[in-house]
Amino acid sequence: MVQHYKNFIGGEWVEPSTGEYFENRNPANWDEVIGLFPKSGLADVNKAIAAAKEAYKKWRLVPAPKRAEILFNLAALIVKNKEELARDMTREMGKILIETRGDVQEAIDMTYFIAGEGRRLIGHTTPSEMMNKFQMSIRIPCGLVAMITPWNFPMAIPSWKMIPALVCGNAVIFKPATDTPLSAYNLVKLCEEAGIPKGVVSFITGSGSTVGAPLVSHPDIKIVSFTGSSDIGAQLNEMCASSFKKVSLEMGGKNAMVVMDDANLEMALEGALWGSFGTTGQRCTATSRIIVHKNIMKKFLDAFIEKAKALKVGNGLNPETQMGPLVSKSQQETVAEYVEIGKKDGAKLVCGGNKLTDGDYAKGWFFQPTIFAEVTRKMRIAQEEIFGPVVSVIEAKDIDDAIEIVNDSAYGLSSSVYTQSVNHAFQAIRDIYTGITYINSPTIGAEVHLPFGGTNATGNGHREGGIQVLDMFSEWKSVYIDFSGKLQRAQIDA
Ligand code: UN1
């Protein structure tokens, strides 16, 4: 018997108004139905918003350190359930167990880190231009937050949005990707257990058009926080523009790793493998371009191909597996199409390039680790986000040339440089226009207490992570307190 899951509205688990459900299946074994989740509609969205509005009235007045105490409870519960949460995640979206454990760990880290902000939420006090006048800036909550989250980090990314929203005193309505509703459900269950008051966190599943769009365009929503593709992000931004909502968009990447001829080659190879094929390439931070100094191109490429060929692809629950399936059939199709585009545009396919369909692979959406060599910077496979295990290797003459190629992108999330030269490293840090730059590690692996986000089509200027995320989920209020007993006119009275 397959379980029917429910929405969580006003602190109650409720059936969707439509009475309809969608299937959540395992991408490593499509025969396995993991659960049935609500295909919610407009009535559910409206109900969740009404409940959140009521809950917000009280939640905003709970002292932030008290709100944080509940979040510390939540962190401890995630720790306690880590293994089960990771297994559920591997079953519903495919990435290998060590990575789903990492995903859950990232949610733990974020929750502890941001719960700590409950005792800070620091503003400034400044002197006044006038006598007998005091002034300061404080953070105030905004109200209702809509969270639209992707399937590739089903617990980490929701935590990046939900925890700071809550510590600041907002109420959230959470719509997860339809590929990963179980991990989202698991997180919300733990929110309930941790003691988050009824209505402060609501959870509704369903499609972008029937749940996401009405949710973000509802006039009572003050903040929209989205992670996903740049196409959807642009649509969403337009939907929110005329009502001046705060919108945080975290979108695509075409992240490059530079390997200089003075790099530690063994280290660069390991990094390239992890950055390109970790999470089956389905990270917005994935390494999808490798820019190699001409002097070491042959040596690098030969070794990289050999290592990529040796990767064990399979079901992520098997401890031997190094790369899991793609999340869905459509994702597998997209990757296959990009391989054709790469070949047509004249790149040289030197590893992989095919769907895996035989034997154990028959029931899942598997793909070979794929490398293109002789890629030039303007080819589509060097410019467009593929979101799969396909990496383009491009040659560079020197560090200036390499940096120019890195910056030749519509995106700007993450970048990396392998070099033993402090001069090259600092030049790259100064001149690469991305939100994140790594020296001697791949383009993936951000930690929660630094700002996360990117330039260009990757984002709209906001950051998740770090204390900077608090700026998204609160408004600054400047407060002036005059105790002179008379009217003092700024800029006019000396
Ligand atoms: C994403 O791919 O959307 O830096 C997030 C990383 C992870 C987060 C990735 N900590 O690769």
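Averaging the sequence gap over all C-alpha pairs within less than 8 Å and six or more residues apart, then dividing by the number of residues, gives the chain a relative contact order of 18 percent. Charge tally around residue 130: other residues with Cβ under 13 Å, Lys/Arg +1 each, Asp/Glu -1 each, net 0. Taking amide H as placed 1.01 Å from N in the peptide plane, the amide H of residue 366 sits under 5 Å from that of 326, 356, each at least 5 places away or on another chain. Helical runs assigned H by DSSP (4 residues or longer) give the chain a calculated mean residue ellipticity at 222 nm of -11000 deg cm²/dmol, each run adding -39500 (n - 2.57) before division by the residue total.
Based on the mean of other Cβ atoms within 10 Å per residue, sort peptides 134-144, 106-116, 448-458, 158-168 so the most packed one is first.
Ranked by mean Cβ neighbours within 10 Å, highest first: 158-168, 106-116, 448-458, 134-144.
Between the listed residues 387, 373, 494, the Cα displaced farthest toward the positive end of the dipole of the range 370-494, a dipole computed from Cβ unit charges relative to the Cα centre, is found at 494.
Residue-wise HN-Hα couplings along the range 355-365, as the Karplus relation 6.51 cos²θ - 1.76 cosθ + 1.60 with θ = phi - 60° gives them from phi, are 5, 9, 10, 8, x, 4, 7, 4, 9, x, 9 Hz; Gly and Pro carry x.
Between 214, 203, 162, the Cα set farthest toward the positive side of the dipole of the range 138-221 (charges on each charged residue's Cβ, about the Cα centre) is that of 162.
In this structure the range 1-49 gives 46 Å² per residue of accessible area when probed at 1.4 Å with all protein chains present. Spatially, the range 208-253 and the range 1-62 are offset by 19 Å when compared through their Cα centroids. Shape analysis of the chain based on the Cα gyration tensor places the equivalent ellipsoid semi-axes at 40, 31, 19 Å, largest first. Solvent-accessible area per residue in the range 261-399 equals 42 Å², computed with a 1.4 angstrom probe and all protein chains kept.
Per residue, the range 447-494 exposes 60 Å² of solvent-accessible protein surface, assessed with a 1.4 angstrom probe and all protein chains in place.
Taking GluC sites (Glu not before Pro) across the range 135-241, none is in a DSSP loop with at most 10 further Cβ atoms lying within 10 angstrom of its Cβ. Across the range 150-155, rounded Karplus estimates of 3J(HN,Hα) from the backbone phi angles (6.51 cos²θ - 1.76 cosθ + 1.60, θ = phi - 60°) give x, 8, 7, 10, x, 10 Hz, Gly and Pro being marked x. Proximity of backbone amide H atoms, modeled 1.01 Å from N, is registered between residue 351 and 371 at under 5 Å, excluding neighbours fewer than 5 places apart on the same chain. Packing, as the average of other Cβ atoms within 10 Å across residues, places the peptides 121-132, 341-352, 388-399 in the order 388-399, 341-352, 121-132, highest first. A DSSP coil position with no more than 12 other Cβ atoms inside 10 Å describes the following chymotrypsin sites (Phe, Trp or Tyr not before Pro) in the range 222-286: 244.
A cut-off of 5 Å between modelled amide H atoms, ignoring neighbours fewer than 5 places along the same chain, links residue 415 with 436, 437, 438. Put a plus charge on the Cβ of each Lys and Arg, a minus charge on the Cβ of each Asp and Glu, and nothing anywhere else: the dipole of the chain about its Cα centre is then about 1220 debye.
Measuring nothing but protein heavy atoms, the accessible surface of the chain at 1.4 Å probe radius is 53 percent carbon and sulfur.
Along the range 468-483 the Karplus relation, 6.51 cos²θ - 1.76 cosθ + 1.60 evaluated at θ = phi - 60°, assigns HN-Hα couplings of 4, 4, 4, 5, 6, 9, 9, 10, 7, 10, 9, 10, 10, 10, 9, 10 Hz to successive residues, with x for each Gly and Pro. Quick one: Cα centre-to-centre distance for the range 175-205 and the range 352-422, in angstrom? The range 175-205 and the range 352-422 have Cα centres separated by 35 Å. Taking other residues whose beta carbon is less than 11 angstrom from the beta carbon of residue 330, and scoring Lys, Arg as +1 and Asp, Glu as -1, yields -2.
The values are calculated or read from the model by the stated rules, or taken from the named source; none is laboratory data. Small disclaimer: the values here were computed from a predicted structure and weren't measured. Every residue, glycine among them, receives a Cβ derived from its backbone with ideal geometry; neighbour counts consider all protein chains shown. For the accessible areas, the whole protein counts, side chains as well, though only heavy atoms, and no ligand, DNA or RNA atoms are used. Shrake-Rupley method; radii C 1.70, N 1.55, O 1.52, S 1.80 Å.
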